[in-house]
Amino acid sequence: MIKINLFKGGKRHAVTFSYDDGAIYDERLVGIFNKYGIKATFHLCSGLMDEENRVRDYSVYNGHEIACHGATHAPLAKVPASNVVNEILSDRLAWEKVTGAPVRGLSYADGSYNDDVTNAVRACGIAYARTGPTTNFFRLPNDFHVWHPTCHHRNAPEIAKRFMNQFVADSYFSGLLLYIYGHSHDFERENNWELIEDVCQTVAHNDNIWYATNIEICDYVTAARRLVTSADGKIVHNPSSISVWFSYNEKTYEIKGGETITLP
């Protein structure tokens, strides 16, 4: 039987970061991520970016993902349904003009959401939405519209070490994701930029890890979950458009988009 337990390129694990609000300190944070080859998603509020101490030059995010955080940072579970849709769609439209590409990610402002909100998020074409509660572990979400991160960056130093020492270092484990989130202005206010440097040093430059944005994780895992197998598990079909890696009898296989393969 195949195991859907590998990430892009056959990597055993993945790491992603997510930062909200678009504070000017994102510029320094992006520099740190780039230094260590880390990928991150930045969730921005299009209606607030003219405020003081916000990023003005969005090219700083090149190589990373720009995603929605609600046009005005409204807590979506506390506003009328029609406002929820406008809050999301207007934000999408604004960032798609900036990026020249579909913008399909969201983090819930103030972590505010409910079932009606997640339904509206889906209807607005959003592929994933990050929440506020943390898991302190490394599971992939069952529902990407209720995506709980592993931890806030304040708790990341010890959790990242546990991830690397206990799981990445042991070949028995695979298919785990370390997802760290926060706000860059915290580092400036608390004068602890060394914290994120230490976390990046801990997780960077490991051949067993895929460093990806939130949307890359979402798209890949969604494609992997769509793999179709025959009744005996020997024939595998990939109905998506991207390659997926999986293991079978301790060997790694790549199946390209649209491809059907027969296993030995």
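In whole angstrom, how far apart do the alpha carbon centroids of the range 27-47 and the range 187-261 sit?
20 Å
In debye, nearest 20: dipole of the range 1-122 around its Cα centre with unit charges on the Cβ of K, R (+) and D, E (-)?
Rounded to the nearest 20 debye, it is 860 debye.
For the chain, set up a GNM with springs between Cα atoms under 10 Å and report which of Tyr181, Tyr220, Tyr58 has the largest fluctuation.
Taking springs between Cα atoms under 10 Å, the residue moving most is Tyr58.
Could you give the accessible area per residue of the range 38-147, probe 1.4 Å, as a whole number in Å²?
Dividing the accessible area of the range 38-147 by its residue count gives 45 Å².
Projected onto the charge dipole of the chain (+1 at Lys/Arg Cβ, -1 at Asp/Glu Cβ, origin at the Cα centre), which of Val203, Leu227, Gly22 gives the Cα projection farthest towards the positive end?
Value computed over the given set: Leu227.
With each pseudo-label sitting 7 Å past Cα toward Cβ, what's the Val85-Phe137 distance in nm, one decimal?
Between Val85 and Phe137, the label points sit 3.8 nm apart.
Expressed as an acute angle from 0 to 90° and rounded to the nearest 10, what is the orientation of the C-alpha long axis of helix 214-225 relative to the principal long axis of the chain?
Compared with the principal axis, the helix lies near 30 degrees.
Could you state the accessible area per residue of the range 168-233 in Å², with a 1.4 Å probe and every protein chain left in place?
Ligands and nucleic acids excluded, the result is 45 Å² per residue.
Is there a quick way to get the dipole size of the chain? I mean about its Cα centre, with the Cβ of Lys and Arg at +1 and of Asp and Glu at -1; what is the value in debye to the nearest 20?
Here the chain has a charge dipole of around 960 debye.
Most fluctuating residue of Pro80, Pro149, Pro239 in a GNM of the chain with Cα springs under 10 Å: which is it?
Largest GNM mean-square fluctuation: Pro80.
Shape of the range 102-235 from its Cα gyration tensor (a ≥ b ≥ c, root eigenvalues): rounded if a/c is under 1.5, otherwise prolate when a/b > b/c, or oblate?
Oblate, because a/c is 1.5 or more while a/b does not exceed b/c.
Nearest 10 degrees, 0 to 90: what angle lies between the long axis of helix 26-36 and the longest principal axis of the chain (Cα atoms)?
Long axis of 26-36 versus the principal axis of the chain: about 30 degrees.
Enumerate the calculated ³J(HN,Hα) couplings along the range 62-68 in order (Karplus 6.51 cos²θ - 1.76 cosθ + 1.60, θ = phi - 60°), each rounded to whole Hz, writing x wherever the residue is Gly or Pro.
4, x, 10, 10, 9, 9, 7
What residue among Val103, Val60, Val30 shows peak mean-square fluctuation when the chain is described by a Gaussian network model with Cα springs under 10 Å?
Maximum fluctuation in the GNM of the chain, among the listed residues, is at Val60.
Once neighbouring chains are kept in place and the probe is 1.4 Å, which whole percent of the accessible area of the chain is contributed by carbon and sulfur?
Within the chain, the accessible surface is 48 percent carbon and sulfur.
Which of the listed residues, Ala101, Val55, Thr72, is farthest toward the dipole's positive end in the range 48-131, when Lys, Arg count +1 and Asp, Glu count -1 at the beta-carbon?
Ala101
Taking the chain as the reference, fit the longest principal axis to its C-alpha atoms, fit the long axis of helix 81-99 to the helix C-alpha atoms, and give the angle between the two in degrees, 0 to 90, nearest 10.
On a 0 to 90 degree scale, this one is about 80.
Would you compute, from DSSP H runs of 4+ residues alone, the mean residue ellipticity of the chain at 222 nm, taking -39500 (n - 2.57) per run and dividing by the full residue count, rounded to the nearest 500?
Counting only the DSSP helices, I get -8500 deg cm²/dmol.
Ratio of the range 1-79's C-alpha Rg to 2.2 N^0.38 Å, to two decimals?
So the Cα radius of gyration is 1.38 times the expected 2.2 N^0.38 Å.
So what's the convex hull volume per residue for the Cα atoms of the chain, in Å³?
So the per-residue Cα hull volume is 126 Å³.
The values are calculated or read from the model by the stated rules, or taken from the named source; none is laboratory data. The shown structure was predicted, so the numbers you read here are calculated from the model rather than taken from an experiment. A quick note on method: Cβ atoms are made from the backbone with ideal geometry, for glycine too, and the neighbour counts reach across all protein chains shown. Accessible surface is based on the protein model in full, side chains and every heavy atom, while ligands, DNA and RNA are left aside. Shrake-Rupley method; radii C 1.70, N 1.55, O 1.52, S 1.80 Å.
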